[in-house]
Amino acid sequence: MKYTIGDVVRFKLKSGEVQEGNIQFIEKDRYEEMVYINSFSRWAYKIPETKIISKI
């Protein structure tokens, strides 16, 4: 699924916790895309696109 800046998404952290936030920046690499997300819990995360569960 393609994501764009400003999309509100649900994503999973390494700890298994599920959070929600909006996409601020997408960094494209040869092998995968890294997504920078501002979480609604006031934390910022850099995760691979494969960790995103769904759009909200």
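Pairing residues of the stretch 27-55 that are touching a residue at least 12 places away in the same chain (Cβ under 8 Å) with residues that are part of a strand (DSSP E or B) and of a type in the set (Ser, Thr, Tyr), at Cβ distances under 6 Å and at least 6 apart in sequence or on separate chains, gives Ile37/Tyr45; Lys46/Tyr36.
Scanning the stretch 12-33 for residues that are over 8 Å from the mean Cα position of the chain (by Cα) and outside any loop (DSSP other than H, G, I, E, B) turns up Lys12, Val18, Gln19, Glu20, Gln24, Phe25, Ile26, Glu27, Lys28, Glu33. Residues in the stretch 34-56 that are in a strand (DSSP E or B) and open to solvent by 80 Å² or more (accessible area, probe 1.4 Å): Lys46, Ile53, Lys55.
The values are calculated or read from the model by the stated rules, or taken from the named source; none is laboratory data. Fair warning: this is a prediction, and the values are worked out from it, not measured in the lab. Heads up, the Cβs are rebuilt from the backbone with ideal geometry, glycines too, and the neighbour counts pull from every protein chain shown. Protein only, heavy atoms only, side chains kept; ligands, DNA and RNA dropped before computing areas. Shrake-Rupley method; radii C 1.70, N 1.55, O 1.52, S 1.80 Å.
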